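Trainee: What follows is a structure written as structure tokens; I'll ask about it next.
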Amino acid sequence: MLRPARLSLKRTDKTSRMATLMPRGYRSATEYHFREEQADAIVRTTAYHRKDYCRSVIWFSPREHVGIRMSIATPFRRASYTGLGSLDRLPLELLHDVLLRLDMHSLFNFRQTNLRSRQTADSLKQYQMVVSHGLNLLCALLRTRLAVGVSLFDFYYALCTKACTFCGEFGGFISLLTWNRCCFTCLQGALETRVQTLAAVRKQFHLTKAELDQLRSFKTLPGIYSMKESVHKSRITVVSAHQAILAFGHQPHALAQPLPAKLGLNQKFNFMGSCALPYYDRQTGKVEHGMSCAGCQLALEKDIIGSRGEKWAFEARDKVYAQDGFLEHFRWCEQAQLLWRSSSEGNNRPTELPEAARRGGYFNKRE
């Protein structure tokens with residue numbers, strides 16, 4: 001639990017040092033103040049959602065959900081004359097608790113039993129939130145057959161979690177095999193999110209069939225993956241490289257060693273083993289998909305930052321914030337403030353809004 005805090009302190013120190021070195025035109029000399037009621041307009045005008053990140057992992061076109069969204073989330077509007085058998089003896093509160101702990105595959109089957117079971121499942125707020133905001137992930141779980149290992153409680157808890165498990169930044173993704181919230185950076189680089197083929201892990205650790213059966217695995221789904229938009233049509237069995245090291249590293253110091261080279265070559269499997277998931281705030285009822293700063297993109301295009309290929313400049317452009325984090329960033333981002341002013345404080349489209357911000361990142365049209 002202390003790890004994210006230590007990382008946050010390090011980042012704060014690093015940010016403070018960087019602030020003194022920022023080129024003119026990037027970080028404003030004074031803090032920008034705005035009224036609370038302007039927050040949503042500021043976000044709408046100067047921030048954008050990185051659609052390319054979401055499409056680099058397991059992703060389904062919204063058209064695929066049109067035919068199932070109503071059936072999977074809406075009870076039939078007619079009276080039910082069939083009961084739930086012995087489950088009718090349970091107090092409603094206890095029955096709901098049982099369903100909350102049921103894995104998503106079993107809950108899906110329970111809901112299809114009869115009209116009463118459908119109405120009972122649909123009455124759960126947790127179920128409604130999951131199918132409303134996490135339908136992409138639910139489809140991924142069902143199609144990879146990993147739904148048997150994730151309960152409704154697990155799913156809802158993940159939906160209501162904002163931070164990356166590993167670094168504390170906004171975590172807009174789920175690593176399916178370990179069921180951890182993660183940010184896009186940790187999805188690609190954290191040891192805990194590393195995914196590799198079953199064949200590679202078996203060869204690396206010289207595992208028997210019985211040992212392989214102890215690892216959670218699934219067959220990848222055909223699709224387009226990674227920021228390179230690579231097409232993958234074949235289905236390959238993959239596992240968590242981290243779980244393999246934990247279970248079969250044998251050496252007490254195995255986790256302190258770098259990931260074996262053979263297990264680190266195909267980063268594409270990290271994308272094939274992950275899916276985007278927004279954050280649902282139980283207090284406000286708001287849903288956040290994460291946002292990046294259009295001002296930082298503009299600063300790059302103007303060569304205010306990144307003209308010498310500085311790594312931090314591109315990291316600033318690619319950073320994904322929750323709304324509260326972005327608004328804090330906006331207070332000091334001179335180019336984001338310029339966009340805000342040029343929009344007549346949210347009444348018009350900013351005159352210099354970058355194309356990448358308009359499109360939601362860099363990706364080829366798929367539909």
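The values are calculated or read from the model by the stated rules, or taken from the named source; none is laboratory data. Because the structure is predicted, anything quoted here is derived from the model rather than measured. Cβ atoms come from the backbone with ideal geometry, glycine included; neighbour counts cover every protein chain shown.
Trainee: Tell me which residues, restricted to region 220-241, are outside any strand (DSSP E or B), under 19 Å from the mean Cα position of the chain (by Cα) and under 17 Å from Gln196 (Cα atoms).
Mentor: Answer for region 220-241, where residues must be outside any strand (DSSP E or B), under 19 Å from the mean Cα position of the chain (by Cα) and under 17 Å from Gln196 (Cα atoms): Thr220, Leu221, Ser226.
Trainee: Residues to consider are Gln119, Gln128, Gln112; find the one that is under 16 Å from Ile68 (Cβ atoms), surrounded by fewer than 18 Cβ atoms within 10 Å (Cβ to Cβ) and over 23 Å from the mean Cα position of the chain (by Cα).
Mentor: Going through Gln119, Gln128, Gln112 in turn, just one is under 16 Å from Ile68 (Cβ atoms), surrounded by fewer than 18 Cβ atoms within 10 Å (Cβ to Cβ) and over 23 Å from the mean Cα position of the chain (by Cα): Gln112.
Trainee: Give region 313-367 a look and list any residue that's surrounded by 14 or more Cβ atoms within 10 Å (Cβ to Cβ) and among the aromatic types (Phe, Trp, Tyr), or say none.
Mentor: Matches in region 313-367: Phe314, Tyr321, Phe326, Phe330, Trp332, Trp340, Phe363.
Trainee: Sticking with this structure for a sec: Have a look at Leu87, Leu95, Leu137, Leu99 and point out the one that is closer than 30 Å to Asn364 by Cβ and either surrounded by 15 or more Cβ atoms within 10 Å (Cβ to Cβ) or of a type in the set (Val, Ile, Thr) (or both).
Mentor: The match here is Leu137.
Trainee: With in contact with a Cys (Cβ under 9 Å, 6 or more places away or on another chain) and of a type outside the set (A, V, I, L, M, F, W, C) as the only criterion, which of Arg282, Arg349, Arg331 stands out?
Mentor: Of Arg282, Arg349, Arg331, the one residue that is in contact with a Cys (Cβ under 9 Å, 6 or more places away or on another chain) and of a type outside the set (A, V, I, L, M, F, W, C) is Arg282.
Trainee: Something else about it: Could you identify the single residue in His96, His65 that is over 30 Å from Phe330 (Cβ atoms), at pLDDT 85 or above and part of a helix (DSSP H, G or I)?
Mentor: Just one listed residue meets the conditions, His96.
Trainee: Determine the pairs where a residue that is modelled with pLDDT of 95 or more, located within region 116-141, has a partner that is among the hydroxyl-bearing types (Ser, Thr, Tyr) and in a helix (DSSP H, G or I) with Cβ atoms under 8 Å apart, the partner being 6 or more residues away or on another chain.
Mentor: Filtered contacts from region 116-141: Gln126/Tyr156; Met129/Tyr156; Val130/Tyr156.
Trainee: Scan region 252-275 and give yes if some residue there is under 18 Å from the mean Cα position of the chain (by Cα), more than 30 Å from Asp213 (Cβ to Cβ), of a type in the set (A, V, I, L, M) and at pLDDT 95 or above, otherwise no.
Mentor: There is no residue in region 252-275 that is under 18 Å from the mean Cα position of the chain (by Cα), more than 30 Å from Asp213 (Cβ to Cβ), of a type in the set (A, V, I, L, M) and at pLDDT 95 or above.
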